[in-house]
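Every read-out reported here was derived from the displayed coordinates using simple, explicitly stated rules and does not represent laboratory data. Keep in mind it's a predicted model, so treat the numbers as computed, not measured. Positions of Cβ are backbone-derived with ideal geometry, glycine not excepted, and every protein chain shown enters the neighbour counts.
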Amino acid sequence: MRKNNIKRIPSISFALALAFITFVACSSDSVDDGVIDDSTTDDSDVDDEVVTELHAAYSAFNSDAVTIYLDGSEVVIETTGLPNHETVYWGEGNSLYKEEPDVALTPSIMSSNNNAYTIRVDATPDLTGSTVQTELGTVGIAVSGSSIFNDQEGGGALDQAAASLDWTGAHIGPGVYHYHLEPKAFTNDDDNLVGILLDGVFLYGRKCSATGDYPTDLDASGGHTSTTQYTDGEEEYHYHIINEVYSTTGSYLAFAGPYQGY
């Protein structure tokens with residue numbers, strides 16, 4: 001019996017060893033499978049990019065009139081609508097009143113008008129969708145704090161109301177004080193920031209800071225992609241006032257559209 005037991009020991013040891021190897025191999029496979037699954041899960045669970053600070057260009061806005069802050073993925077821009085430059089529309093007696101005898105004044109002046117306005121724009125414009133036509137009313141907020149309108153006035157072409165525009169391409173009516181033409185109070189044949197439009201895309205003057213000259217690659221909206229003075233060397237899509245004189249005004253439309261960032 002003892003002899004038989006001795007003969008069985010190698011058989012039992014071999015069986016145990018085989019079982020142990022099989023167990024280890026299966027355990028290793030399970031661990032490897034777990035690692036692969038974890039890496040796959042990590043790749044699929046990447047969070048969307050969150051905007052945590054305002055674009056540097058917002059620092060150029062008139063802080064006496066404009067309050068700007070982030071709200072989730074949007075930027076909220078609240079403005080009194082009151083510009084920080086001279087115009088006949090301030091009315092006599094105001095320190096910013098400017099005599100402009102050739103302007104056919106509309107009935108309202110700044111002090112008798114509610115110019116306050118609030119817009120919300122995407123912190124990161126969506127440039128993948130279709131273009132959207134501008135409508136009557138505010139199409140953006142200028143760095144001065146006042147509104148930007150398109151090339152229409154009261155349902156008709158702007159040139160019908162051009163006589164009421166002040167020296168910086170703006171007037172009151174209907175509604176808030178607003179610019180239609182190149183606002184010479186803060187951009188005059190240069191690359192200065194003009195404002196932000198409703199699609200979250202910035203609008204600049206007629207020249208491009210990347211080249212120091214008029215851009216030659218603008219799309220139908222006056223937009224292109226290049227660096228600006230606020231992008232720290234990174235290229236970004238933005239609009240320019242198109243360097244084409246509008247009608248008989250002797251000046252340039254601020255923005256006619258369409259929007260590219262909706």
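Max-minus-min Cα coordinates of the range 56-240 on each principal axis give 46, 35, 31 Å, with the largest extent listed first. For the range 56-240, averaging the sequence separation of C-alpha pairs within contact (under 8 Å, six or more residues apart) and dividing by the residue count gives a relative contact order of 19 percent.
For the range 140-209, the gyration tensor built on C-alpha atoms gives a prolate shape. Its axis ratio a/c (a ≥ b ≥ c) is at least 1.5, and a/b is the larger of a/b and b/c.
The gain in end-to-end length when the L70 to T128 segment is fully stretched comes to 18.6 nm, 0.36 nm per residue minus the alpha carbon separation. Taking Cα centre as origin and charging only the Cβ of basic (Lys, Arg, +1) and acidic (Asp, Glu, -1) residues, the dipole magnitude of the range 56-240 rounds to 380 debye. Report the net charge of residues surrounding T216, where surrounding means a beta-carbon distance below 14 angstrom and charges are Lys +1, Arg +1, Asp -1, Glu -1. Net charge in that neighbourhood comes out at -2. Taking 0.36 nm per residue of separation and subtracting the Cα-Cα distance, full extension of the segment from S226 to V51 would add 60.9 nm.
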